[in-house]
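The values are calculated or read from the model by the stated rules, or taken from the named source; none is laboratory data. Quick caveat: nothing in here was measured; it's all calculated off a predicted structure. For neighbour counting, all protein chains shown are included, and Cβ atoms are generated from backbone atoms with ideal geometry for every residue, glycine included. Quick note on the areas: whole protein, heavy atoms, side chains included, nothing else; ligands and nucleic acids left out. Shrake-Rupley method; radii C 1.70, N 1.55, O 1.52, S 1.80 Å.
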Amino acid sequence: MPAQVLGWRQEAKALEFGDGLPRDPVRAAELYCRAARYGDAEAQYSLAWMLTHARGIERDEAQAAHLFAAAAEQGYEQARNILARMGTPRGAPPACLRPPEDDRTAVAPPAAPRHPVALRRRRCCRHHRRRPMRRSRSCASSTWWRPSTSCSRTWCWPSWPPNPNFDASAVSPKNAYGLMQLVPGTAARFGVRNVRDPVQNIRGGMAYLRWLMAYFEGDVRLVAAAYNAGERAVERYLGVPPYAETRLYVLKILAAIGGQATHPFDAAVTPSSQQLVLMRPAWRLR
């Protein structure tokens, strides 16, 4: 978690309990909200607790349920236990779970990108069986990925794969496998029979990216978020989910491509998400 976000949470806690600062629950809630927008699970939980118990602010259990859910989805055990009693959140997510307003300035183009966009094309899927790791590194060092081309002539996601050590046998704590960190369900959806095989793993990951590009109509931010957290989470939160890992991941991707917001997509791959109608006013037109 960025130090600034941690600072907001710590100041909020001091203001909530009057620990070294005059007690100010309204200001505490504002700071918790700011940290929650960056995906801080503890801040999400603390604000939800204040809303549930009317600790110096107006009671709002509907908003609290969304905040408890966001914290629970990031593994915050106390939030998970409370949410089990409250039930599934209803309605649109509250403002405190929307992405921070300054996200766009935080991803200003880097001074000297290592690989200018649209300069190199790599053959990412026709890997030689005897040298899969060499080809995998070559693919991962490319800059972008063109969804309209075939699998054998494709652009690669910047700073890809998610597995920085290029360990084809890697398994994440979330049960994601291989170079492209595919979970079993996604691997099965895109025809990957052996998720540990580097060639199949990359093919499956690139096929998923191509599908996501069509599903979210080339919105790079939503595609990156969906690859990290799943398309259902993006639809539920009408944008980038309020998870610290996902929001930092999206910023990293956007910074790597100079803040590029959209990318061409092949509409024939899949119909677009019906939730885009709701996302555009809240997200794209902001």
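Just a yes or no: is a residue in the stretch 244-256 over 18 Å from Gly39 (Cβ atoms) and modelled with pLDDT under 90?
yes
Does Leu238 meet the test of being within 30 Å of Met1 (Cβ to Cβ), surrounded by 23 or more Cβ atoms within 10 Å (Cβ to Cβ) and aliphatic (A, V, I, L, M)?
Judged against the criteria, Leu238 is not a match.
Name the helices (runs of 4 or more DSSP H) wholly inside the stretch 167-240 in which the number of residues that are among the aromatic types (Phe, Trp, Tyr) is 3 or more.
198-215
Among the numbered criteria (1) open to solvent by less than 20 Å² (accessible area, probe 1.4 Å); (2) within 23 Å of the chain's Cα centre (by Cα); (3) of a type outside the set (A, V, I, L, M), which single criterion is violated by Glu16?
For Glu16, the exception is condition (2).
If a residue must be in contact with a helix residue (DSSP H, G or I) (Cβ under 7 Å, 6 or more places away or on another chain) and either assigned to a loop (DSSP other than H, G, I, E, B) or closer than 21 Å to Arg210 by Cβ (or both), how many such residues does the stretch 241-256 contain?
Here the count works out to 8.
Consider only pairs whose beta carbons are under 6 Å apart and that are at least six residues apart or on different chains; among these, list those whose first residue lies in the stretch 228-250 and is free of Cβ contacts under 8 Å to residues at least 12 places away in the same chain and whose second residue is part of a helix (DSSP H, G or I) and buried (at least 22 other Cβ atoms within 10 Å of the Cβ).
Hits for this filter: zero, empty list.
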